[in-house]
Amino acid sequence: MSAADDPLWPRASNWLAAGDGPCDVAILGVPACRTSISSTGADATPAAIRAALGRYSTYSWAHDIDLASLHAVDAGDVVDPDGADGEARVMTRVAELVGRARLLVALGGDNSITYSVARGAFGDDVAAGGLITLDAHHDLRDGMSNGSPVRRLIEAGLAGAHVVQIGIADFSNSREYAARARDLGISVVTRDALRRRPISDAMSEALAIAGGGGGPIHVDLDVDVCDRSVVPACPAAAPGGLTADELRQVAFQAGRAPRVHSLDITEIDASADAPDQRTIRLGALLVLEAACGLAARTL
């Protein structure tokens, strides 16, 4: 018997089923790439992450949770999600799914999707929402790109006081954008600060701050927050970033938090990964960790 045929070793890729009805977890591909500051093949990433789920089982030993207990739906991809029209399609689709799913996981695509996914998840009351980004960058640039989603969300009504950015890196931002973050009231936890405290503590504090508006929280897992050695498929990743295990911890905490209704996994260029697919495989693990956190909400 091959490993692929072992009924006692169910694969996570078989855990997802196409559908549109009520579910625990909804997976949505948002393959945006056209407004990226650097050239990227991130549009190929949702399919690559789905395929990589076949490398994993549905069982978490650490938490004694089998994801087979959750109803997970693969909601497909949003076609042509870039630009104003594409973002409108993303918002509409996300709004439909968050009404049916306990947790929406959006697979990017570049980091521009954080704007459209969060807008769709927040609905009409953006001001009540909260945002947590795991990112080396502030994403407060002018214009419309993968470097601007946080600024655009704040301009749409999100309170800077309910935004927390974890993992902001040295020499990856400008003095001007750092000042913009301070002026907007954004809480920043730098990579340097994380050397002196567990990331789980930083995430717990972030959940409290982001929840201050009383509305849903969106979590942006920009994988370039990690050390470049573990995420070679992230064009903007630098040496000295988070470990893969730290980002996995955050994904679990996000999934476990009742106020987190949606999260995204972004900035992986599937066409640029190492031969061992270490970045794509991490992306797949982030999906599983978030789902495991959701399953743990009732434990």
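The values are calculated or read from the model by the stated rules, or taken from the named source; none is laboratory data. This one's a predicted model, so the numbers in the text were calculated from it and none came from an experiment. Glycine gets a Cβ as well: all are built from the backbone with ideal geometry, and neighbour counts include every protein chain shown.
Summary table below
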| item | result |
| --- | --- |
| Condition met for Ile265 (over 17 Å from Ala48 (Cα atoms) and in contact (Cβ under 8 Å) with a residue 24 or more places away in the chain) | no |
| Tabulated pairs, region 175-201, first acidic (Asp, Glu), second at pLDDT 95 or above, C-beta under 7 angstrom, 6+ apart or interchain | Asp192/Asp170 |
| Options Ala26, Ala47; residue that is buried (at least 16 other Cβ atoms within 10 Å of the Cβ), on the phi < 0 side of the Ramachandran plot, at pLDDT 95 or above and under 20 Å from the mean Cα position of the chain (by Cα) | Ala26 |
| Matching residues, region 245-292, being assigned to a loop (DSSP other than H, G, I, E, B), of a type in the set (A, V, I, L, M) and within 16 Å of Asp110 (Cα to Cα) | Ile268 |
| Residue list for region 217-230, filter: more than 15 Å from the chain's Cα centre (by Cα) and either on the phi > 0 side of the Ramachandran plot or not hydroxyl-bearing (Ser, Thr, Tyr) (or both) | Asp227, Arg228, Val230 |
| From the options Arg50, Arg34, residue that is assigned to a loop (DSSP other than H, G, I, E, B), among the charged types (D, E, K, R) and either over 20 Å from Ala296 (Cβ atoms) or in contact (Cβ under 8 Å) with a residue 24 or more places away in the chain (or both) | Arg34 |
| Members of region 281-299 found to be over 13 Å from the mean Cα position of the chain (by Cα), buried (at least 17 other Cβ atoms within 10 Å of the Cβ) and either at positive phi or not basic (Lys, Arg) (or both), listed by number | Cys292, Gly293, Leu294, Ala295 |
| Selection within region 228-243 - buried (at least 20 other Cβ atoms within 10 Å of the Cβ) and farther than 20 Å from Pro46 by Cβ | Gly241, Leu242 |
| Residue match in region 30-44 (condition: crowded, with 16+ Cβ neighbours inside 10 Å and within 20 Å of Leu294 (Cβ to Cβ)) | yes |
| Test: residue in region 250-270 that is polar (S, T, N, Q) and surrounded by fewer than 21 Cβ atoms within 10 Å (Cβ to Cβ) | no |
| Residue list for region 69-96, filter: among the hydrophobic types (A, V, I, L, M, F, W, C) and either exposed (fewer than 14 other Cβ atoms within 10 Å of the Cβ) or more than 18 Å from Ala47 (Cβ to Cβ) (or both) | Leu70, Val79, Ala84, Ala88, Met91, Val94, Ala95 |
| Filtered residue count, region 118-143, keeping only those that are over 21 Å from Glu96 (Cβ atoms) and in contact with a Ser or Thr (Cβ under 6 Å, 6 or more places away or on another chain) | 3 |
